[in-house]
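First the structure, in the form of structure tokens, and then the observations on it.
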Amino acid sequence: MHSSLSWTSRAISRALRSSFSTLLETATGGGGGAAAKGATKSGAVAGSSGAPRPRFVSVVCGFAKDNLRHKYKPGKYGEDSWFKASTASADVMGVADGVGGWRSYGIDPGEFSSFLMRTCERLVQCSHFNPQRPVNLLAYSYCELMEQKKPILGSSTACVLILNRETSTVHTANIGDSGFVVVREGQVVHKSEEQQHYFNTPFQLSLPPPGHGPNVLSDSPESADTMSFPVRDGDVILIATDGVFDNVPEDLMLQVLSEVEGERDPVKLQMTANSLALMARTLSLNSEFLSPFALSARRNNIQARGGKPDDITVVLATVAM
């Protein structure tokens, strides 16, 4: 059974690689080569024009939904996974949320999301990395997952964000209901839109077990919602899984994020990330709170109240120039 699945997934992977090969050809000349030289230092680096280039000051915090089941592992909170990576030309952040329903089939949902993020982190350092196309990272990470001799079954949402330091531009790719928010001068200036097939059923990258293919939702990396926008010194960027967005109202989130605009002290930034993650965790366990998830359910004629217990991942950054 595994050999049949492996052959099928590799065939699909080759087709995906072929379809995405043209995307890699759009890489800017020299951009990937510069990216392969290694991580940036902590300070802002001057570009060819002499002007300082932007960088992220970033921190991470989160909680597993079930702390007894999930022991802490680097890059994971329960079935959520995350990564951060830097090169001379870009800072990159990403989150992925393994779809928990697979656990009832004896499949660990966290393996799928963890493989995606670990592979994205590695590919950032490759010579063909394009700091303008985060969808490439998702596409090739998914292809590598499909090519594994031992199948990594399951599915996951994902969101990847790249700061192109040469152009002071952020490029994003989002599949499903993880996402990002950018805050400037006390206002949300950019944010992702969640992708749902129907209520509580987000877009997702998938590799189902044999016999389940026709009944499993599986979206292509190219279906990711992509955005590009310039950033300014002091901008606050949050990238998080749905455990945050389903439980923390946007106005409350905005209050928290606005307090660290322009902050470059990683300790103070970490305190804010901790507060936001704890807030999401606390609200998720409050059965009386009318959460964003409950409000969305009601808009879909489903009577619901309270938070939504879930894994929670917060990757928080400010732009420093």
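Taking the options 208, 109, name whichever one is in contact with a strand residue (DSSP E or B) (Cβ under 6 Å, 6 or more places away or on another chain), modelled with pLDDT under 95 and not hydroxyl-bearing (Ser, Thr, Tyr).
Numbers: 208 fails: in contact with a strand residue (DSSP E or B) (Cβ under 6 Å, 6 or more places away or on another chain).
None of the others qualify; the one that does is 109.
Restricting the search to segment 290-311, which residues are more than 14 Å from residue 253 (Cα to Cα) and touching a residue at least 24 places away in the same chain (Cβ under 8 Å)?
We begin by selecting, within segment 290-311, every residue more than 14 Å from residue 253 (Cα to Cα); these are 290, 293-311.
The answer is 293, 296, 297, 300, 302, 307, 308, 309, 310, 311.
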Residue count, segment 290-321, condition of a type in the set (A, V, I, L, M, F, W, C), closer than 13 Å to residue 243 by Cα and open to solvent by 30 Å² or more (accessible area, probe 1.4 Å), comes to 1
Among the residues of segment 71-80, the number that are open to solvent by 10 Å² or more (accessible area, probe 1.4 Å), outside any loop (DSSP other than H, G, I, E, B) and modelled with pLDDT of 95 or more is 2
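Can you name the residue in segment 49-69 that is open to solvent by less than 40 Å² (accessible area, probe 1.4 Å) and within 20 Å of the chain's Cα centre (by Cα) and is also farthest from residue 160 (Cα to Cα) among such residues? Write out each step before concluding.
The initial filter retains those residues of segment 49-69 that are open to solvent by less than 40 Å² (accessible area, probe 1.4 Å), namely 53-54, 56-62, 64.
Imposing the further condition that a residue be within 20 Å of the chain's Cα centre (by Cα) reduces the set to 56-62, 64.
Working: 56: 14, 57: 16, 58: 14, 59: 15, 60: 15, 61: 17, 62: 17, 64: 21 Å.
Taking the candidates together, the pick is 64.
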Going through segment 81-123 in order, the residues found to be touching a helix residue (DSSP H, G or I) at 6+ places or on another chain (Cβ under 7 Å), aliphatic (A, V, I, L, M), in contact (Cβ under 8 Å) with a residue 40 or more places away in the chain and open to solvent by less than 20 Å² (accessible area, probe 1.4 Å) are 85, 90, 96, 116
Per the filter on segment 290-321, residues under 24 Å from the mean Cα position of the chain (by Cα), part of a helix (DSSP H, G or I) and not aliphatic (A, V, I, L, M) are 292, 293, 296
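The values are calculated or read from the model by the stated rules, or taken from the named source; none is laboratory data. Quick caveat, the model's predicted, so the values are computed rather than measured. Because the Cβ atoms are built from the backbone with ideal geometry, glycine has one as well, and the counts that use them run over all protein chains shown. For accessibility, only protein heavy atoms count, side chains too; no ligands or nucleic acids. Shrake-Rupley method; radii C 1.70, N 1.55, O 1.52, S 1.80 Å.
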